[in-house]
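Visitor: Would you mind keeping the following structure in view while I ask a few things?
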Amino acid sequence: MMQTPLTMTQMMKRAEMFFPKKQVVSRTASGIHRFSYKQMAERTRRLADSLTKLGVEKGDRIGTLAWNHHRHLEAYFAIPCMGAVLHTINIRLSPQHICYIINHAEDKVLLVDPDILPLLEKCASELHSVKAFIVMTDDKELPETTLSPIYHYEQLLTESDPNYSFPEDINENDPAGMCYTSATTGNPKGVIYTHRGIVLHSLALGLADGGGISERDVAMPVVPMFHVNAWGIPFAAVWFGTTLVLPGPYFTPKLLAELIETEKVTITAGVPTIWLGLLKELEAGSYDLTSLRAVLCGGSAAPKGMIKTFEQKYNIPFKHAYGMTETSPLALISTLKSYQDKLDPEEKLEIRSKQGTLVPGLELKIIGKDGEVAWDGKEMGELALRGPWIASEYYKDERTQDAFHDGWLYTGDVVTIDEEGFVKIVDRTKDLIKSGGEWISSVDLENALMAHEAVFEAAVVAVPDAQWQERPIACVVLKEGFKGKTTKEDLVEFLKPQFAKWWIPDDILFLEEIPKTSVGKFLKRTLREQVQKEVQK
Ligand code: ADP
């Protein structure tokens, strides 16, 4: 067979050649904009030319601090296709972490949304490597800013060459992108994505039993483009000629529902918090969401009750998936096997609420106390993964040795695997509750609580205990109509038939909200501290 390089340039060129009429729908601060892939490709070439004129060379890291919109999409292709490295920066991190990330990656140019400028101004004096800032604005004028030298994205494009040719000498193992993931302690850790990794991961997103994205889809990634490349959806969508809908900055559940309805979105992707918000909106307003054939959900466990409501009440198919920054991210996806169709609805829901089976192309092993665990859905162990879109190290970081051994990535996720190979995330190694030498899964308790009609959100954390080492405490946010009515005792009674006695939380605290990370996951560390103070009172 031929050894042709798997590069992102071929992805871009395919959209340009075969799907010039297909559309990108982009919401920005000034409203909805529509572009064809022909225009998108031309603007991408122009951006690559502009960056070359600013002195960007092969291998240089170019940072983006931006929402999901068409200019960010252009950067997604222009930067890797010109041989540079697309470094998407999580704008929800603290200014200190953002500054650390930019310096550690040694970004040469930053592409920034206008509303993010103030954040960047706070740490500008500490940035050592940045030679230019480019503002991705709809306005004709540049905004007021202390950053310098500063350029206007559209102005640069106007002055550039629409026929810029991408270099031919890109090696498939060259870096194409990078992304930093937050660590439990210390600074964020960087992961490099190669051209080859991105191409192969995109193929997995297109598999019928993977993401199942095709040309006929209208895909709306709600997951931010600064978080694991919006799960790789923009790359795959452009390659496949899929219509893309990019929801822009500061969207609300109402806006998402409207976009799904008006643009006839067929597939969308985001974390459970987004979908809980959308469900609330669907209860309040009336929308036609019949176009949706898949809601992809990952990043943290999708509560069973939520999957049930989407599918049974709204007839919207739900796909639970699992991954991490280090895995590009798609690694597991929960699709029933054909012969499981005949199971009863509750059994099917039980299976589909697991994180799923392994995506073709990857390998897994699960290491428990005594070596690889049994496939019995009970024995717990740490999930390890390897494959062509799994990172092999952290970028210039000593913490590589904590997670990578013998050619495997140790995910830090404790899981079980059943007879059919469906993996269930039981906890993060650091969030498991160790009570009397046994493990209690905070995730199982959370899911059970969230299936109660009065519960909007629930998080369970460990508190130190003299007798048992650790004990679980539940933190619950009640739905509006239930506040002051549903009691701790009601919830404990609800849990009792579902768990062994020693799993039942020692206390249930009612909160107004649960602290979340920059990507909408429960911030267990902060919650643990909060709960400990509460318990000591
Ligand atoms: P961060 O580590 O910064 O939160 P990642 O997106 O890389 O960012 O997080 C990956 C982690 O998210 C996984 O290791 C796992 O613990 C959790 N995770 C991802 N998807 C799921 C899922 N479907 N169910 C439960 N946990 C999940």
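Quick note: the coordinates plus some simple rules give every number you see, no bench work behind them. Given the structure is predicted, the values throughout are model-derived calculations rather than measurements. Please note: Cβ atoms are built from the backbone with ideal geometry, for glycine as well, and neighbour counts cover all protein chains shown.
Visitor: Arrange the peptides 28-37, 263-272 so that the one whose residues have, on average, the most other Cβ atoms within 10 Å appears first. Mind showing how you got there, number by number?
Guide: On the way: 28-37: 15.6, 263-272: 22.6.
Most protected by this proxy first, the peptides run 263-272, 28-37.
Visitor: Please work out whether region 431-537 counts as rounded, prolate or oblate from its C-alpha gyration tensor, where a ≥ b ≥ c are the square roots of the eigenvalues and a/c under 1.5 means rounded, while otherwise a/b larger than b/c means prolate and anything else oblate?
Guide: Details: a/c = 1.56, a/b = 1.19, b/c = 1.31.
Because a/c hits 1.5 or more and a/b fails to exceed b/c, region 431-537 counts as oblate.
Visitor: Distance check, please: which entries in Lys354/Lys479; Lys304/Lys348; Lys308/Lys430; Lys378/Lys424; Lys396/Lys430; Lys308/Lys348 exceed 18 angstrom between their Cα atoms? Mind dumping the intermediate values first?
Guide: Numbers: Lys354/Lys479 25 Å; Lys304/Lys348 11 Å; Lys308/Lys430 29 Å; Lys378/Lys424 10 Å; Lys396/Lys430 24 Å; Lys308/Lys348 10 Å.
Exceeds cut-off: Lys354/Lys479; Lys308/Lys430; Lys396/Lys430.
Visitor: Something else: Order the peptides 384-394, 360-370 from the highest to the lowest mean number of other Cβ atoms within 10 Å of their residues.
Guide: 384-394, 360-370
Visitor: Sticking with this one: Specify whether the C-alpha gyration tensor of region 122-192 places it in the rounded, prolate or oblate class, a ≥ b ≥ c being the square roots of the eigenvalues: rounded for a/c under 1.5, otherwise prolate if a/b is larger than b/c and oblate if not.
Guide: The shape class here is oblate.
Visitor: I've got another one for you. Give me the number: length gained by fully extending Asp169 to Val477, i.e. 0.36 nm times residue separation minus the C-alpha to C-alpha distance, one decimal in nm.
Guide: On the way: separation 308, 0.36 × 308 = 110.88 nm, distance 5.48 nm.
The span from Asp169 to Val477 would gain 105.4 nm if fully extended.
Visitor: Let me ask another. Answer rounded, prolate or oblate for region 472-527, using the Cα gyration tensor with square roots of eigenvalues a ≥ b ≥ c: rounded when a/c is under 1.5, else prolate when a/b is larger than b/c, else oblate.
Guide: Details: a/c = 2.48, a/b = 1.32, b/c = 1.89.
Because a/c hits 1.5 or more and a/b fails to exceed b/c, region 472-527 counts as oblate.
Visitor: List the equivalent ellipsoid semi-axes of region 1-100 in whole Å, largest first, each obtained as the square root of 5λ for an eigenvalue λ of the Cα gyration tensor. Could you put the intermediate results ahead of the total?
Guide: Details: eigenvalues 113, 85, 31 Å².
One finds semi-axes of 24, 21, 12 Å for region 1-100.
Visitor: Could you state the number of Å between the C-alpha centres of region 121-178 and region 385-461?
Guide: When both Cα centres are located, 37 Å separates them.
Visitor: Let me see the pair-distance distribution of the chain: every alpha carbon pair, 20 Å bin width, integer percents in order.
Guide: Pairs per bin, as whole percents: 21, 55, 22, 1.
Visitor: Suppose every K and R has +1 on its Cβ and every D and E has -1 on its Cβ; what is the size of the dipole of the chain about the Cα centre, in Debye to the nearest 20?
Guide: Working: 59 positive and 73 negative charges, 118 e Å.
With only Lys, Arg, Asp and Glu charged at Cβ, the dipole is about 560 debye.
Visitor: So, one more: Given 0.36 nm per residue, what is the gain on full extension from Thr526 to Asp490 after removing their alpha carbon distance, in nm? Walk me through the intermediate numbers first.
Guide: Numbers: separation 36, 0.36 × 36 = 12.96 nm, distance 2.65 nm.
Stretched fully, the Thr526-Asp490 segment lengthens by 10.3 nm.
Visitor: If packing is taken as the average number of other Cβ atoms within 10 Å across a peptide's residues, how do 165-172, 77-84 rank, most packed first? Could the numbers behind the result be given before it?
Guide: Values: 165-172: 13.8, 77-84: 26.9.
Most protected by this proxy first, the peptides run 77-84, 165-172.
Visitor: Taking the Cα centre of region 84-149 as origin, work out the dipole magnitude from +1 charges on Lys and Arg Cβ and -1 charges on Asp and Glu Cβ, in debye rounded to 20.
Guide: My answer is approximately 240 debye.
Visitor: Quick check for you: which residues of region 316-355 have the amide N under 13 Å from the point 7 Å beyond the Cα of Ala208 toward its beta carbon?
Guide: 338
Visitor: Report, in degrees rounded to the nearest 10, the 0 to 90 angle that the Cα long axis of helix 8-18 makes with the longest principal axis of the chain.
Guide: Taking the Cα atoms of the chain, the angle to 8-18 is about 70 degrees.
Visitor: Next question. Counting only the backbone N, which residues of region 238-268 are under 17 Å from the spot 7 Å out from the Cα of Ser286 toward its beta-carbon?
Guide: 258, 261-262
Visitor: Reachable aspartates and glutamates from Lys122, Cα under 16 Å, same-chain residues fewer than 8 places away excluded?
Guide: Correct list for Lys122: Asp113, Glu144.
Visitor: Please report the antiparallel percentage of DSSP beta bridges with both residues in the chain, rounded to the nearest 5. Please list the in-between numbers first.
Guide: Working: 51 of 88 bridges.
Of those bridges, close to 60 percent are antiparallel.
Visitor: Quick check: residue separation of Asp161 and Lys537 times 0.36 nm, minus the Cα distance between them. What number comes out in nm?
Guide: Values: separation 376, 0.36 × 376 = 135.36 nm, distance 6.66 nm.
Roughly 128.7 nm would be gained on extension.
Visitor: Going 7 Å from the Cα of Asp506 toward and past its Cβ, which residues in region 399-427 have a backbone nitrogen under 18 Å from where you end up?
Guide: Counting backbone N atoms under 18 Å from the label point, the list is empty.
Visitor: How big is the antiparallel share of DSSP beta bridges in region 1-89, given as a percent to the nearest 5? It would help to have the intermediate numbers written out before the result.
Guide: Numbers: 6 of 10 bridges.
Expressed as a percentage, antiparallel bridges in region 1-89 total about 60.
Visitor: In addition: Between Ala466 and Ser125, what is the FRET efficiency for a Förster distance of 51 Å, r being their Cβ-Cβ separation, to the nearest 0.05?
Guide: On the way: r = 49 Å, r/R0 = 0.97.
So the FRET efficiency works out to roughly 0.55.
Visitor: Still on this structure: How big, in percent, is the set of alpha carbon pairs in region 162-272 lying more than 19 Å apart?
Guide: Numbers: 3358 of 6105 pairs.
Within region 162-272, distances greater than 19 Å cover 55 percent of Cα pairs.
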